[in-house]
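Heads up: the structure comes next, in structure tokens.
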Amino acid sequence: MTPIIAQTVAQVMLPVVLGLVMLGMGLSLQIKDFKAVLKAPKVTVIGFLLQLFLLPILALFIIKLFALNQTAAAGLFLLALCPGGATSNLFSFIAKGNLALSVCLTSVVSMLSPFIIPIAFVGFIHYNGSTDSQLFNLPLLPAMKQLTIVTLLPTVIGMSIRCFAEQWAQSAIPLIKKGSTIAMLLVVTALVLTNLSIIPAMLSLQGIAVMALCVLALIIAYFIAGKLNVNETDRKTIAIEVGVQNAGTAMMIAFTIMHQPALAAIPLMYGLLMNIPAFLFVYWLLNKNKGKDKMTMPIKVNP
């Protein structure tokens with residue numbers, strides 16, 4: 001793949017496809033979805049706070065535990081700041097979770113991402129005392145502007161279309177979701193082909209660190225939600241929402257805003273590897289619930 005094509009994929013196609021994904025999310029949202037979830041604000045707040053604080057804390061812990069180099073550390077922390085995405089909604093659906101809660105958490109954190117990610121990432125670079133701080137420089141206002149255009153604006157446009165043309169929106173949702181999913185898979189494949197060095201890196205400490213972030217986030221979020229008396233349906237939804245991140249946002253920031261392909265290596269690895277623990281977690285949830293159902297089934301006694 002020529003450098004010009006690689007640059008086009010990373011700096012043009014990736015933001016466009018990410019915007020299309022967010023448009024599809026907006027089309028699937030209505031004001032009543034937020035109202036329904038806000039009737040149980042405790043669950044929503046727990047999910048929001050876990051995603052906002054647990055993930056960055058876990059990332060810092062893993063960075064120190066595995067003594068990741070500065071580039072890998074910055075990539076992992078950037079990933080931890082990103083919201084869930086369409087993938088987390090899909091896993092929640094498969095796990096028979098609260099889809100409205102999943103979509104609500106994804107959309108709220110996505111809408112706040114243009115403001116949270118740049119500030120938190122800049123704070124991390126200064127806290128980490130990186131000797132390459134200029135290399136990982138993320139200009140706040142330009143970053144907020146570009147993230148708003150790619151994430152917040154398409155979501156708002158989608159919601160507005162749904163509000164004024166609901167029938168058209170409902171008919172367009174399946175096509176847009178299918179098209180954006182295929183497009184994102186093609187973009188990720190192209191990015192992997194232009195960054196083949198991430199394949200052997202998956203078997204290194206970096207790959208283990210990526211898996212550790214996903215596994216620990218799923219398990220700890222599920223445990224904390226349970227300790228806070230969240231019902232099982234919402235509990236597994238929160239765990240999936242916290243444990244499955246939108247790697248596309250992190251890749252877009254690394255490639256398009258910061259022009260640092262090396263910084264995108266961890267999000268690229270995550271986009272491929274996180275499916276393993278996520279599927280295993282969902283499989284465990286479904287079989288765990290089946291076991292409970294069998295135990296609670298009434299015993300029939302023949303007269």
Q | Expected 222 nm ellipticity per residue - DSSP helices of 4 or more, -39500 (n - 2.57), all of the chain, to 500 | A | -23500 deg cm²/dmol
**Q.** Per-bin percent of Cα-Cα distances, the chain [20 Å]
**A.** 34, 57, 9, 1, 0
Q) Taking only protein heavy atoms and a 1.4 Å probe, what accessible area per residue, in Å², does region 134-214 have with all protein chains in place? A) 57
Q: Enter the per residue convex hull volume of region 226-273, computed from alpha-carbon coordinates, in Å³ rounded to the nearest integer.
A: 91
Q: Choose one answer from 58, 186, 50: the residue with the largest mean-square fluctuation in a GNM of the chain with alpha-carbon springs under 10 Å.
A: 186
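May I have the convex hull volume per residue, in Å³, for the Cα set of region 77-128?
68
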Q.
So if I place +1 on the C-beta of Lys and Arg and -1 on the C-beta of Asp and Glu, and nothing else carries charge, what would the dipole magnitude of region 150-277 be about its Cα centre? I want it in debye, nearest 20.
A. 60
(Q) Along its three principal axes, how long is region 96-212 when you only count alpha carbons? Whole Å, largest extent first please. (A) 54, 33, 29
Q) By a straight-distance test (C-alpha under 17 Å), which lysines pair with residue 288 as possible cross-link partners, with residues fewer than eight away in the same chain excluded? A) 96, 236
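Kyte-Doolittle cut-off 0.5, length cut-off 27 Å along the helix's own axis using Cα: show which whole DSSP H helices in the chain pass.
99-128, 166-194, 205-227
Give me the percent relative contact order of the chain, please, defined on Cα pairs under 8 angstrom at least 6 residues apart.
Working: 384 pairs, mean separation 100.1, N = 303.
Contact order relative to length: 33 percent.
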Q.
Pick from 248, 123, 97 the residue whose mean-square fluctuation is largest in a GNM of the chain, springs joining Cα atoms under 10 Å.
A. 123
Q) With the Cα gyration tensor of region 1-104 giving a ≥ b ≥ c as the square roots of its eigenvalues, does the rule (a/c under 1.5 for rounded; else a/b larger than b/c for prolate; else oblate) give rounded, prolate or oblate? A) oblate
Q. What's the carbon and sulfur percent of region 142-198's accessible surface, probe 1.4 angstrom, rounded to a whole number?
A. 73
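The values are calculated or read from the model by the stated rules, or taken from the named source; none is laboratory data. Because the structure is predicted, anything quoted here is derived from the model rather than measured. Cβ atoms come from the backbone with ideal geometry, glycine included; neighbour counts cover every protein chain shown. Accessible surface is based on the protein model in full, side chains and every heavy atom, while ligands, DNA and RNA are left aside. Shrake-Rupley method; radii C 1.70, N 1.55, O 1.52, S 1.80 Å.
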